[in-house]
Amino acid sequence: MFHVGGARSALYNWAVARQSGGTFVLRVEDTDVARNKPEWIDGIINALAAIGIHGEDAAFEGPYFQSHNAARHSEAAQQLYTAGRAYYCDCTREQLKEHTGSEHLGYDGFCRERGLAFEEGRALRFKTPNEGETVVIDLIRGEPAFPNNESRTS
């Protein structure tokens, strides 16, 4: 459901798109069937329209639905797995909490070297480097760097 944080993010991104001659693209993450309801999507679209972001604006595009690209996403995931850049994980939330001692520490990389194959219900995780750092180019924060060995969240 749409909330104040979503409105803030939408307004910021819409303003940047308008200012830079770009496009605000509404992409709906609708692949979690249990948490996806058409009335919630309608609510998001209506709420955006109420704050001035709507399909009649030349800088607006969408909505695009994540589920419409499921086949392409599966193909890309398989390519990552085949190239050794991703791995399967069968850990439950309870197991992750047991491994890390907290529900807030994220994923600890437990399945990284287990060599699990695809099976329904398993997550596919990125195989990030163990060493070095990941630098993100961010227009607001500059270039924050994250040590790859500091936190196993992928």
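Miscellaneous remarks
- Residue in segment 89-96 that is surrounded by 11 or more Cβ atoms within 10 Å (Cβ to Cβ), at pLDDT 95 or above and not acidic (Asp, Glu) present: yes
- Within segment 130-139, restricting attention to residues that are at pLDDT 85 or above and more than 19 Å from the chain's Cα centre (by Cα), the residue that is surrounded by the fewest Cβ atoms within 10 Å (Cβ to Cβ) is Glu131.
- Some residue of segment 70-81 being outside the structural domain of Leu48 (by TED's automatic domain parsing), closer than 23 Å to Val33 by Cβ and either assigned to a loop (DSSP other than H, G, I, E, B) or among the β-branched types (Val, Ile, Thr) (or both): no
- Criterion (within 22 Å of Asn130 (Cα to Cα) and part of a loop (DSSP other than H, G, I, E, B)) met by exactly one of His99, His54, His104: His104
- If only residues of segment 49-88 that are surrounded by 14 or more Cβ atoms within 10 Å (Cβ to Cβ) and among the charged types (D, E, K, R) are counted, the one that is nearest to Asp30 (Cα to Cα) is Glu61.
- Residues that are part of a helix (DSSP H, G or I), closer than 25 Å to Ala70 by Cβ and either outside the structural domain of Gly121 (by TED's automatic domain parsing) or more than 16 Å from the chain's Cα centre (by Cα) (or both) are absent from segment 16-30 altogether.
- Only one of the numbered conditions (1) of a type in the set (Asp, Glu); (2) more than 26 Å from Gly21 (Cβ to Cβ); (3) at pLDDT 90 or above is violated by Glu39, and that is (3).
The values are calculated or read from the model by the stated rules, or taken from the named source; none is laboratory data. Here the structure is a predicted model, which means the values were calculated and not measured. FYI the Cβ positions are ideal-geometry reconstructions off the backbone, even for glycines, and counts take in every protein chain you see.
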